[in-house]
Structure formats: structure tokens, C-alpha cells
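Novice: Would you mind keeping the following structure in view while I ask a few things?
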There are 2 protein chains.
Amino acid sequence: MKAARDAVDALEAYLRERELKMTGPRRKVLEVFLGIESHVTAEELFEAVKKVDPGIGQATVFRTVKLLEEAGLARAACRDDGPRRFEHAYRHEHHDHLVCTDCGAIVEFEEPEIERAQARVYRSHGYEPVAHSLELRGRCPACRRGSAAGRA
Amino acid sequence: MKAARDAVDALEAYLRERELKMTGPRRKVLEVFLGIESHVTAEELFEAVKKVDPGIGQATVFRTVKLLEEAGLARAACRDDGPRRFEHAYRHEHHDHLVCTDCGAIVEFEEPEIERAQARVYRSHGYEPVAHSLELRGRCPACRRGSAAGRA
DNA sequence: CTTTCTGCAAAGTGTTTGCAAAAAC
DNA sequence: GTTTTTGCAAACACTTTGCAGAAAG
């Protein structure tokens, strides 16, 4: 967990700055989060955290995730229906998501052309950019084959 | 309400096709929805419907909105936090949204370049397009001026 | 008449919050 | 020591659902 070190440091810096406290539960939630590569819901993260320390409560996980968002260590992604999903934000480049509507597989991508076009939209309406989310939904190659075989 | 006529016809066709029934509440919910230009939540629509017919229940509005979605007359938009918002989908072109993070003002836009780039992303990953949602968040000209004056 | 639809209230998600005890500083 | 944080459970916001009666076809 070399990479985790930096993220934990970043959280401590953020907490110190706001005169908040670094605690065991917060460190554990962050470490478990960093160890999960996929896009997790707070609930899933809670389940994973419980395996490390069953004493940590759900509310603490929800509160810590919010804290991580504020600290720039986590960000919400895939705002489809259902619970919010979070992904790593610390030293992770911006990207968008392509989600399979059948199996839920997620591809992350970056399209400079889209980013440029978005900047043009902001400019042409006089808006100051804050954030943007693009989610493409579709059927992945595997699911397309599966259902094509089943139907045809 | 000339335009509404077509939409009501479209709903009736959809219902007939599925052997479902056209009812007073459904017609009223659709008509009120069509009369609202902004992006409404089901709850807001319920409030508006109550003014026309106080006897219509909240569950009916929620159920009808879902029905309108299935029938292609409404679509969800602006999946930010909070309740889902719906917009007209009947004979309304696809577009994306630019939302002010301060006052909530919504600009609808269409960027062919973005659409083309999205198609490229689908193709390059072998996904079959199903739907996509792009939401740009930023501060609108009015809010920028307001807070700039207040702060500087 | 048979089936679907309705309104109500209750249950269901997913998330937040009030509180007294516990931990950080 | 003072302040923040924790875990629990209760509350919360939004949405769905079970049911008996009402309406549509």
C-alpha cells in the first residue's frame, strides 16, 4: 500500500487545515476504499470495512465518504438509478464512463474532443465551469453476443 | 392545448397496444405535465395536478410518470442529487443540460461534435449505444456577477 | 363482468441526524 | 479538559407497493 500513504497524508492535511481529527475509523475507511478498484456504493464500502473492523458503523462510513469527497479523495460517479457510486479522485485524471446496461461493466474513457466541445458550450453561454458528468449507457460486446445468440 | 392533443393520442395508442386503459387521472397528469415547461419532479407535478383535481393521489402521479417514460412522452433529466426531474420527450429533440450550481437555471444545448465523439467512443469499445446523459454544471452569468460583486 | 386502475397508507430504498459515550488533540 | 467523532437507532427524503373499492373496456 505505497500509494495509500500519500492519500492518507492528503486526508490528514485536509483535516488539520480544518481543525478536524484523524481517527482510526477514518483511516480504515480510506484504506479500504483505496484498496477497492471498482466503483463502490457507500453500502458496499461499509460491508468491506466491516471485514477489517466490524465495530465501525454505517453512519461513519457515509460520513467519511462525504469527507473524502470534500477532501478531493473520492468523487461520485455513475449517477444512474440506485445508490451513488464513488471512485478514487486522488491523483486520478478526469474521465467519463461507459456503462453496460445489461451486466453493469464500466469502461472509463477520456475524449479530448468532448472536453473541448464542453468548454465551448460553457463559453458560449457565459457559464463558469464547475463540473460535468457524462455517462454513456450501452450494451457491451459480451452482452451483445449473448443476447444476439439467444434471440436469433 | 393543440400540441397536447397529439401527445394524448400517442399515450392512447401506447395504452391500447398494451391493453391498458386510458383514464381520467392519466389524461390529467399528462395534460398538466405538458403544460409545464420546466423540468419537474414527480412531487411538483403532483402539486400541480392537485390544483386541477385534488382527488388524484401521489402514487398515481408517480405511476403515470413512469408510464409516460415508457411511452416515450417523458424522460428523466438532470440526475443531480435530490429527486428525479422529468422533461417532455414527445417530439422533443435530444439535448443535454447546462445547470447553474447557484440558482439552478437550466440551459438546454445540443453539440453535434459531442454527439459524434460519443458515437466514436461506443464504436471503439464495441458497445451498442442505448442512451447517454451529459450534464454540465457551472455558474451562470447572473450568479457570477452577483458573487463577484459581493466578494471582490 | 373481467381486468386494470385508483387512493390511501404502509413499506421500501438510500442517506442523514440526534444523542450519549468514546477518542483525539 | 475541551472538542470532535463514534455507533446506534430513529428520522429523513424519495419512491414503490398491497389492498379493497372504483372505473374502463
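The values are calculated or read from the model by the stated rules, or taken from the named source; none is laboratory data. Bear in mind that the values here come from a model prediction, so they are computed numbers and not experimental data. Quick reminder, even Gly has a Cβ in these numbers, built from the backbone with ideal geometry, and neighbours come from all protein chains shown.
Novice: Any residue that is under 30 Å from B:Val61 (Cβ atoms) and basic (Lys, Arg) - is there at least one of those in the range B:85-107? Let's see the steps before the verdict.
Specialist: Of the residues in the range B:85-107, the ones under 30 Å from B:Val61 (Cβ atoms) are B:85-107.
Then keep just the ones that are basic (Lys, Arg); that gives B:85, B:91.
Checked the range B:85-107: at least one residue is under 30 Å from B:Val61 (Cβ atoms) and basic (Lys, Arg).
Novice: Can you tell me which residues in the range A:15-42 are among the aliphatic types (A, V, I, L, M), assigned to a loop (DSSP other than H, G, I, E, B) and over 13 Å from the mean Cα position of the chain (by Cα)? Explain how you work it out, then say what you get.
Specialist: Taking the range A:15-42 and keeping what is among the aliphatic types (A, V, I, L, M), we get A:15, A:20, A:22, A:29-30, A:32, A:34, A:36, A:40, A:42.
Applying the additional criterion that residues be assigned to a loop (DSSP other than H, G, I, E, B) yields A:20, A:22, A:36.
Of everything in the range A:15-42, those that are among the aliphatic types (A, V, I, L, M), assigned to a loop (DSSP other than H, G, I, E, B) and over 13 Å from the mean Cα position of the chain (by Cα) turn out to be A:Leu20, A:Met22.
Novice: Next question, about the same structure. Being exposed (fewer than 14 other Cβ atoms within 10 Å of the Cβ) and in contact with a strand residue (DSSP E or B) (Cβ under 7 Å, 6 or more places away or on another chain) is the filter here, so list the residues in the range A:122-133 that pass it.
Specialist: If the condition is that a residue be exposed (fewer than 14 other Cβ atoms within 10 Å of the Cβ) and in contact with a strand residue (DSSP E or B) (Cβ under 7 Å, 6 or more places away or on another chain), then A:Ala131 is the only one that fits.
Novice: Of the residues that sit in the range A:25-40 and are within 14 Å of DNA strand C (Cβ to nearest atom) and more than 23 Å from A:Leu15 (Cα to Cα), which one is nearest to the other protein chains (Cβ to nearest Cβ)?
Specialist: Taking the candidates together, the pick is A:His39.
Novice: Moving on. Which is in contact (Cβ under 8 Å) with a residue 24 or more places away in the chain, over 19 Å from the mean Cα position of the chain (by Cα) and surrounded by fewer than 16 Cβ atoms within 10 Å (Cβ to Cβ), of A:Ala119, A:Ala142?
Specialist: It is A:Ala142.
Novice: Go through the range A:27-44 residue by residue and tally those that are more than 19 Å from A:Arg84 (Cβ to Cβ) and surrounded by 15 or more Cβ atoms within 10 Å (Cβ to Cβ).
Specialist: Adding up the residues that qualify gives 3.
Novice: Which of (1) within 13 Å of A:Leu73 (Cβ to Cβ); (2) within 12 Å of DNA strand D (Cβ to nearest atom) is the odd one out, the single condition A:Val8 does not satisfy?
Specialist: (2)
Novice: Looking at B:Arg145, is it part of a helix (DSSP H, G or I), more than 7 Å from every other protein chain (Cβ to nearest Cβ) and under 23 Å from A:Cys143 (Cβ atoms)?
Specialist: no
Novice: Go through the range A:90-105 residue by residue and tally those that are over 25 Å from B:Ser124 (Cα atoms) and either surrounded by fewer than 14 Cβ atoms within 10 Å (Cβ to Cβ) or touching a strand residue (DSSP E or B) at 6+ places or on another chain (Cβ under 7 Å) (or both). Spell out the reasoning first.
Specialist: Step one: list which residues in the range A:90-105 are over 25 Å from B:Ser124 (Cα atoms), which gives A:90-91.
If we keep only those that are either surrounded by fewer than 14 Cβ atoms within 10 Å (Cβ to Cβ) or touching a strand residue (DSSP E or B) at 6+ places or on another chain (Cβ under 7 Å) (or both) too, we end up with A:91.
Qualifying residue count, the range A:90-105: 1.
Novice: Could you list all residues from the range A:111-138 that are within 29 Å of B:Cys103 (Cβ to Cβ), more than 7 Å from chain B (Cβ to nearest Cβ) and not aliphatic (A, V, I, L, M)?
Specialist: Hits for the range A:111-138 are A:Glu115, A:Arg116, A:Arg120, A:Arg123, A:Ser124.
Novice: Turning to a different aspect of this structure: Testing B:Glu108 on (1) facing chain A (nearest Cβ under 7 Å); (2) within 12 Å of A:Tyr122 (Cα to Cα), one condition comes back false. Which one is that?
Specialist: (1)
Novice: Any residue in the range A:6-24 that's touching a residue at least 40 places away in the same chain (Cβ under 8 Å) and under 13 Å from A:Leu68 (Cβ atoms): show its pairings with residues that are more than 14 Å from DNA strand D (Cβ to nearest atom) and of a type in the set (A, V, I, L, M) at Cβ separation under 7 Å, as long as the two are six or more apart or on different chains.
Specialist: Between residues of the range A:6-24 that are touching a residue at least 40 places away in the same chain (Cβ under 8 Å) and under 13 Å from A:Leu68 (Cβ atoms) and residues that are more than 14 Å from DNA strand D (Cβ to nearest atom) and of a type in the set (A, V, I, L, M), the close pairs are A:Ala7/A:Leu34; A:Ala7/A:Leu73; A:Ala10/A:Leu73; A:Leu11/A:Leu73.
Novice: Under the condition of being within 12 Å of another protein chain (Cβ to nearest Cβ) and among the acidic types (Asp, Glu), which residue from the range B:58-105 is farthest from DNA strand C (Cβ to nearest atom)?
Specialist: The selected residue is B:Asp96.
Novice: Checking the condition modelled with pLDDT under 95 and touching a strand residue (DSSP E or B) at 6+ places or on another chain (Cβ under 9 Å), which residue from A:Arg79, A:Arg5 passes?
Specialist: Working: A:Arg5 fails: touching a strand residue (DSSP E or B) at 6+ places or on another chain (Cβ under 9 Å).
Exactly one residue qualifies, and that residue is A:Arg79.
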